[in-house]
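Below is one structure, written out as structure tokens; comments come after it.
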Amino acid sequence: DADAIVETVVLRAIPAATDNVESALSSILVSTMASGELPSEFKFFLYAQDEMGAIFLIQSNISKQSEPLMILTVKVANSVDSTTTQNRVSQLTQKIQGVLS
């Protein structure tokens with residue numbers, strides 16, 4: 001999607017289960033709509049809202065067969081402009097990085 005922003009979060013290690021990621025993210029108010037484990041990856045559908053009212057819809061995956069990285073594809077609603085949107089996504093990515101690394 002042209003409106004989506006893709007970010008990468010470096011993980012300490014590939015998680016053993018989706019619960020490990022979900023519990024860490026819930027501590028920073030990132031909620032899970034759905035998650036699952038496939039043979040080659042973990043998939044997550046997440047959402048969050050920042051203090052300015054922006055709503056983040058996040059599709060994410062963690063490959064089990066490569067380096068420990070979480071790829072985030074983020075769409076933002078209620079954001080003013082593309083620069084503001086990118087800054088908000090970067091701030092959210094930093095928070096996610098903080099709890100997962």
### Query
Any idea how many residues of segment 44-54 are open to solvent by 30 Å² or more (accessible area, probe 1.4 Å) and assigned to a strand (DSSP E or B)?
3
### Query
Can you name the residue in segment 1-24 that is closer than 25 Å to Thr83 by Cα and hydrophobic (A, V, I, L, M, F, W, C) and is also modelled with the lowest pLDDT among such residues?
Ala2
### Residue that is in a strand (DSSP E or B) and in contact (Cβ under 8 Å) with a residue 24 or more places away in the chain, where the choices are Leu72, Leu57
Leu72
### Query
If you go through segment 5-29 one residue at a time, how many are surrounded by 15 or more Cβ atoms within 10 Å (Cβ to Cβ), aliphatic (A, V, I, L, M) and part of a loop (DSSP other than H, G, I, E, B)?
2
### Task
Scan segment 12-46 residue by residue and report those that are within 11 Å of the chain's Cα centre (by Cα) and more than 14 Å from Leu72 (Cβ to Cβ).
Glu22, Ser31
### Query
Yes or no: Gln59 closer than 23 Å to Gln86 by Cα and open to solvent by 40 Å² or more (accessible area, probe 1.4 Å)?
yes
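Residues are listed down the side, and each one gets a yes or a no for (1) more than 15 Å from Glu7 (Cβ to Cβ); (2) surrounded by fewer than 15 Cβ atoms within 10 Å (Cβ to Cβ); (3) touching a helix residue (DSSP H, G or I) at 6+ places or on another chain (Cβ under 7 Å):
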residue	(1), (2), (3)
Ser31	yes, yes, no
Glu37	yes, yes, yes
Phe42	yes, no, yes
Thr73	no, yes, no
Val76	no, no, yes
Lys95	no, no, no
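The values are calculated or read from the model by the stated rules, or taken from the named source; none is laboratory data. Just so we're clear, the structure is a prediction, and the values are computed from it rather than from any experiment. Because the Cβ atoms are built from the backbone with ideal geometry, glycine has one as well, and the counts that use them run over all protein chains shown. Quick note on the areas: whole protein, heavy atoms, side chains included, nothing else; ligands and nucleic acids left out. Shrake-Rupley method; radii C 1.70, N 1.55, O 1.52, S 1.80 Å.
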